[in-house]
Amino acid sequence: MVENYMDYGNDACFNIFTKGQKARMRTVMDISPRRNTLAQSNLCGTQIAGPPRANFRAETQQILLGGQVKFFDLSTNFPNRWFWTFEGGSPANSTEQNPVVTYNTPGKFQVTLVAANSLGISDTLKRTAYIEVLNVGLCAERTNFNGTRTLIRDTTKIGYVSGQNGRKVMAISEYFDNPLGYTNLGGASLRFGKAFAKGGATTEAVVLVTVWNARGFQGGPGAILEERPIPLRRILSDIANNRATDVTFERQIPLSGLPYHIGLQLTYDGDSVALFTTKNGESVKGTSWEQNEAGEWDLFLRRTGLNIAHDITAKPGMKPSVLVSASAQFINPGEAVTLQAKGASIYTWSPTTNLNTTLGPQVIARPSETITYTVRGTGADVCGDSTASAAIYVRDIQVLGNEPTQEALLARTVQLSPNPTSGLVELRMDNALRGAVNVTVYGSNGVAVQQQQFRKDAEEVSLPVNIQRFAPGLYVVEVGIGDFRVRKKVLKY
């Protein structure tokens, strides 16, 4: 019963005693010579025995420049007045019991408290250099890796401990604490040491980079916050060029100031990867975790005896990062791909090759060969160098003249039902396009009678189209997304 206060685990779920434990405690309070007088004492009452003794604690003692700290009064003898002084803080003074203070100057600062009640005032409690304000930006890179890049063979002699192996480990992760309270995560960088693709250099396999919260057992991985598929061929290229694999997520991952995990989910279909780690013993904090074949998470240190850290760098921040997503990663030559950027207010794309525009949060590319597009964001308070990249892999095939056009493919993936209809129609779309969708209904005379707009952020979406107030007859519903348009007829009876 992990919720029980007397459970031996170190768990955040403690909140109950059993009825038997309650009965045992009450019995001790009633009959024990050392305990039975407590109920008649004033220790839990409101009778004031003398002036207060000042005491307090801070929610955190180390913050970023511009951050806030909440202070909690712990003074005894029931004070009803408080006099705080905050060196370097705003406000500099407060009479609240539990004030919140903002620090806009770097350094280490003193906090002073005097508490009072009807019988007098406390001595002055002064804590020197109690709050440290770091002179760093509101965005950072964090890693637990500090040592020698190593690939450690699994005990089964098949694969590596931080990758696919003979024990069929299903996932690996690296724990990141969050003492500065970063609120979002925009990306990560992972250093792979080995990779194998059963499909060769043209493989379209992906590796799932994953972010979990740290609310699992004893701080292990809990719920999945985000998954980002990374092409295996990109990892192969990064290994060959001795560089890390940079990952940009498609959204700002909310951290809520709490710890988190970054790692990989592993499948056993013939492909394999392995992350670099430190040598055993170079890491002493026990930050690496693995999920076994049964789905159970545990520390590497407990399960394998290895005290290691993965070569993973997190990119958290208090500001947004520039993010980018692509509607597809593997395409035929000339096929359209929608690139969507987020996190800034002004966007510039490069290179200009086969782009419909170089400005704006959304562009459509029709590359004829594998290419990496980069977007730079400005005009907003963003993290880092304000850039993000998306690689589009173009298959090495010949496109025949009778291959269906993108508009024809779009027409096949847009459906209206029921048709004929009494007036309420469901518009369904199932394709890789993303972005703003304009839906216009035209009457038989070609005049637009209704317009709607919604945002398509998934493969399959639906939208109700209501033409009940219009007269019976034939109508045309035009669906537009990006540069593409498709028209569908619908009969209202």
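The values are calculated or read from the model by the stated rules, or taken from the named source; none is laboratory data. Bear in mind that the values here come from a model prediction, so they are computed numbers and not experimental data. Cβ atoms come from the backbone with ideal geometry, glycine included; neighbour counts cover every protein chain shown. Side chains included, ligands, DNA and RNA excluded: accessible areas come from the protein's heavy atoms. Shrake-Rupley method; radii C 1.70, N 1.55, O 1.52, S 1.80 Å.
Taking the criterion of being within 20 Å of Asp238 (Cβ to Cβ), in contact with a Ser or Thr (Cβ under 9 Å, 6 or more places away or on another chain) and buried (at least 17 other Cβ atoms within 10 Å of the Cβ), would at least one residue in the range 373-381 satisfy it? It would help to see each step written out before you state the result.
Taking the range 373-381 as the starting set, the residues that turn out to be within 20 Å of Asp238 (Cβ to Cβ) are 373-374.
Within this subset, residues satisfying the condition of being in contact with a Ser or Thr (Cβ under 9 Å, 6 or more places away or on another chain) are 373-374.
Next cut, buried (at least 17 other Cβ atoms within 10 Å of the Cβ) only: 373.
Yes, the conditions are met somewhere in the range 373-381.
Name the residue, out of Ala471, Ala436, that is at pLDDT below 90, hydrophobic (A, V, I, L, M, F, W, C) and closer than 21 Å to Ala326 by Cβ. Working first, answer last.
Numbers: Ala471 fails: closer than 21 Å to Ala326 by Cβ.
Step by step, each of Ala471, Ala436 is checked, and only Ala436 is at pLDDT below 90, hydrophobic (A, V, I, L, M, F, W, C) and closer than 21 Å to Ala326 by Cβ.
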Practice task
Just need a number here: residues in the range 62-94 that are surrounded by 15 or more Cβ atoms within 10 Å (Cβ to Cβ) and without any contact (Cβ under 8 Å) to a residue 24 or more places away in the chain.
Solution key: 1
Handout entry: Which numbered condition Asn98 fails, given (1) within 30 Å of Asp246 (Cβ to Cβ); (2) in a loop (DSSP other than H, G, I, E, B); (3) free of Cβ contacts under 8 Å to residues at least 60 places away in the same chain
Key = (1)
Handout entry: strands (runs of 3 or more DSSP E) lying entirely in the range 140-220 (those with 1 or more residues that are open to solvent by 30 Å² or more (accessible area, probe 1.4 Å))
Key = 171-176, 192-196, 206-213
Completion exercise
Scanning the range 106-115 for residues that are open to solvent by less than 70 Å² (accessible area, probe 1.4 Å) and modelled with pLDDT under 95, the one farthest from Gly67 (Cα to Cα) turns out to be Gly107
